[in-house]
Amino acid sequence: MRRRLAEPLDRAVTILGGLAVIVAVFGTVVYVDSRDQRAMARDFLARGVPSVADDVVLLVKSGRGGTYIDEVAVAFPTADARREGTLVTNDGDPEGAKPGRRTPRPDTRYATPLPVLYLPHDQQVIATVDARFFANDETTPHVALGMIAGGLIIAIAALFRHGVPPLPKPRKRPPRQPPRHNKP
């Protein structure tokens, strides 16, 4: 009777441990990405040249989770000429826009006039609101670290609950015999 109850429990613990490892790996990816976005945003805030985009076009796509902003194309004046580019990052929330190329509605995140920061020596541009958000984002790294810690703790607990198998003992090999030479 006890063995019959232990098998489904062991299987559930194994599945839980596997899911916990997936959560920890996903948390690691989120943490690294948020760290990179923070560094990029701080670089734009430190070295970026401000301008105001007067032409903004959203490319809204549809996926499994619903619609999302795939890219934001902007055009803005600079001291030298007019520049066009695509924002290096965006919020992703289409704010009610349908799939396709769309002009943002008034009173939305990317509505014109859109304050932007650009780097004069390359084609990178970011919305000022996004640069400030990512530079000051403290929540995402903390959530990611929680995912990593929680996933690892649960995975380790599942491993010990399930039992850590002992390492196999090394096999002893018989000593090598020198080759025999047949004498004619």
Problem - Calculated [θ] (222 nm, deg cm²/dmol) that DSSP helices of n ≥ 4 give over the chain, each run adding -39,500 (n - 2.57) - result: -15000 deg cm²/dmol
Problem - Net charge of Cβ neighbours under 15 Å - reference residue 90; Lys, Arg +1; Asp, Glu -1 - result: -3
Handout entry: Per-residue HN-Hα couplings for segment 20-25 [Karplus 6.51, -1.76, 1.60; θ = phi - 60°; Hz; x = Gly/Pro]
Key = 5, 5, 4, 4, 5, 5
Exercise for the section: Name the residues whose placed amide hydrogens come within less than 5 Å of the amide hydrogen of residue 70, ignoring near sequence neighbours (fewer than 5 apart) on the same chain. Expected result: 59, 60, 61
Problem - segment 56-136: GluC sites (Glu not before Pro) in DSSP loop, at most 16 other beta carbons within 10 Å - result: 95
Fill in the blank from the handout: Diffusion coefficient in µm²/s returned for segment 83-177 by Stokes-Einstein, Kirkwood Rh over C-alpha pairs, 25 °C and 0.890 mPa s, is 129 µm²/s
Practice task
Calculate one ³J(HN,Hα) per residue across segment 80-93 by plugging θ = phi - 60° into the Karplus curve 6.51 cos²θ - 1.76 cosθ + 1.60, and present them in order as whole Hz with x for glycine and proline.
Solution key: 8, 6, 8, 10, 10, x, 10, 4, 5, 8, 8, 6, x, 7
Handout entry: Rounded to whole Hz, the Karplus (6.51, -1.76, 1.60) HN-Hα couplings of segment 115-127, x for glycine and proline
Key = x, 10, 10, 10, 9, x, 9, 8, 8, 7, 8, 9, 5
Completion exercise
For residue 53, other-chain or 5+-apart residues with amide H closer than 5 Å (H placed, Pro excluded) are 114, 116
Handout entry: Dipole magnitude (debye, nearest 20) for the chain, charges at Cβ of Lys, Arg, Asp, Glu
Key = 2380 debye
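Coordinate-derived values only; no laboratory data. Only a predicted model underlies this, so the values are computations on that prediction, with no experimental measurement involved. All Cβ positions, even for glycine, are placed from backbone atoms using ideal geometry, and neighbour counts span all protein chains on display.
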